[in-house]
1. Can you give the charge dipole size of the stretch 201-311 about its Cα centre, rounded to the nearest 20 debye, using +1 on the beta carbon of Lys and Arg and -1 on the beta carbon of Asp and Glu?
2. Could you tell me the calculated FRET efficiency between Glu228 and Ser377, based on Cβ-Cβ distance and R0 = 30 angstrom, to the nearest 0.05?
3. Sticking with the crude label model, points 7 Å out along Cα→Cβ, report the distance from Ala306 to Thr429 in nm, one decimal please.
4. On a 0 to 90 degree scale, rounded to 10, what angle separates helix 6-25 from the longest Cα axis of the chain?
5. Structure shown: which of Lys215/Lys298; Lys290/Lys364; Lys70/Lys291 lie over 21 Å apart, alpha-carbon to alpha-carbon?
6. How large are Rg and Dmax for the stretch 180-266 when calculated on the C-alpha trace, in angstrom?
7. Report, ordered by chain and residue number, the aspartates and glutamates lying within cross-link reach of Lys117, taken as a straight Cα distance under 20 Å and ignoring same-chain residues fewer than 8 apart.
8. In percent, what relative contact order does the stretch 324-442 have, based on Cα pairs under 8 Å that are 6 or more apart in sequence?
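A short reminder: the numbers here are calculations on the coordinates, not readings from a lab. This is a predicted model, so every value here is computed, not measured. Ideal geometry is used to build each Cβ from the backbone, glycine not excepted, and the neighbour counts take in all protein chains shown.
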Amino acid sequence: MYLLPYNLMKQSIRLILLLLLFSAVFTVPSPAAPGDEQKIDSFESLASWKADTSAGVSLMTDLVPGKQGKALMLDFSFQPERASVTLTKNVSFTLPDDYAFRLYVKGQPSGNNIELKVINKDGTRCVKRWNGVTLSDNNWTALTCRKKDMQFTWGAEGIKSNPCRIEIIVSKGFEGGSGTVCLDDLTITELRDTTKKLRSTATASSQDGENTPDKAIDGSMETCWSSEASNDQWLLLDLQQGEDVGGIILYWGQAYGAEYEIQTSVDGTAWDKVYATQEGDGETDDIYFKKRFARYVKINCIKSAAAGFSIKEIRLKSAEEAIIPSASISQQPNDIENILDGDKNTIWRTPFNGGQWLKLDLQKIRRYSGLTIHWDSDYASEYDVLVSNDGDGWNRIYSVRSGDGGRDRILIKNGESRFIKIDLKRSITGQGYGIREIELRSHAETTSTQKY
């Protein structure tokens with residue numbers, strides 16, 4: 001038997017241990033075909049992540065049950081005003097021409113900020129920051145961002161070669177604080193060229209005879225999807241890959257949804273509600289919502305106006321058709337984007353009374369027939385609605401001088417402009433304004449004066 005000298009044996013063992021450590025810390029995801037998803041980390045181990053904190057922050061890490069396997073839990077105490085926790089991982093993968101990152105999170109409390117940094121060897125980096133993230137202790141939330149949604153720093157054109165490091169930062173938000181954040185399944189997906197449109201598919205909870213789900217996306221108003229004659233049905237669209245969606249148009253049959261909601265998802269598991277109504281009136285519903293990156297779009301039909309549900313056709317709006325909101329000021333984390341998130345439990349709020357405003361940019365001159373404002377308790381008792389085609393010259397089309405809050409439904413006859421502005425003159429509380437949701441009715445919708 002041949003035996004190595006003792007010193008040489010020690011060096012060999014040391015080399016083997018270093019190689020094992022290197023393989024654990026330096027992860028190389030396998031190449032993926034366009035549209036496929038690469039897993040950067042599934043958080044099954046703590047070994048590949050290094051944790052740091054800002055001054056005065058205490059932190060404990062642990063592995064907890066994840067979406068399927070395990071997840072990494074950060075248990076932190078945020079006492080200082082600018083408190084943060086940073087996780088760092090060495091990586092090696094190629095950024096495709098277009099891509100989307102996704103990270104699953106859950107925990108408590110809501111209101112803290114989460115940031116993803118992808119860093120190159122020369123210091124160039126791309127960053128995405130989610131402010132005031134709403135978390136749940138029970139349900140996972142998918143944080144998703146496309147390449148075009150990321151900010152590139154230390155290099156105007158961003159990262160050109162392989163990234164070498166990933167950082168995930170949790171920092172104290174305006175209404176956040178001490179608590180826990182669990183992380184699971186950090187992935188990157190290469191996106192196909194969306195000019196080569198893929199054929200979407202449709203499935204449903206049920207169907208009536210030959211009125212199959214695909215009839216809702218076949219381009220014909222002579223066919224339709226029909227469900228069985230009961231409430232609580234759904235229709236699901238699979239776009240085959242993630243895309244930016246800015247709204248949806250529903251062309252109902254006679255059995256329309258009196259109550260329904262629209263949800264989007266990047267993976268078909270974690271869902272975000274982007275629109276909901278309990279006052280559906282059938283025919284055409286032309287719905288705008290905040291731009292979403294999604295692969296799946298689901299229409300949850302809750303209550304029918306007849307027996308079951310029937311949809312003749314569905315058209316999804318592109319990112320170029322989404323509404324872009326802006327405001328004079330926002331009291332964080334109650335950001336202006338909350339007025340278009342389909343959730344009346346979130347609010348846009350200003351800290352001041354007097355001359356405040358919000359503006360809707362339709363991205364080009366469009367026609368519309370009405371506007372609905374869902375106020376919070378600090379509603380505007382006086383306000384004006386103005387429109388403009390260029391954002392400079394404004395025409396007032398509606399005024400309120402004794403508003404009573406709740407919900408204001410405004411009929412706009414032959415409305416047509418690129419910009420819509422709401423000038424807030426006076427708050428009922430004298431301490432600022434709060435709006436939960438704004439809905440814009442397209443000219444294509446059937447509108448009755450009784451409803452408005």
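1. Details: 8 positive and 19 negative charges, 78 e Å.
Using only the charged Cβ atoms, the result is roughly 380 debye.
2. After rounding, the FRET efficiency stands at 0.10.
3. 4.5 nm
4. 0 degrees
5. Lys70/Lys291
6. Spelled out, the Cα radius of gyration and Dmax of the stretch 180-266 are 16.1, 53 Å.
7. Glu37, Asp41, Asp52, Asp97, Asp98, Asp149, Glu157, Glu167, Asp184, Asp185, Glu190
8. In percent, rounded to a whole number, it is 38.
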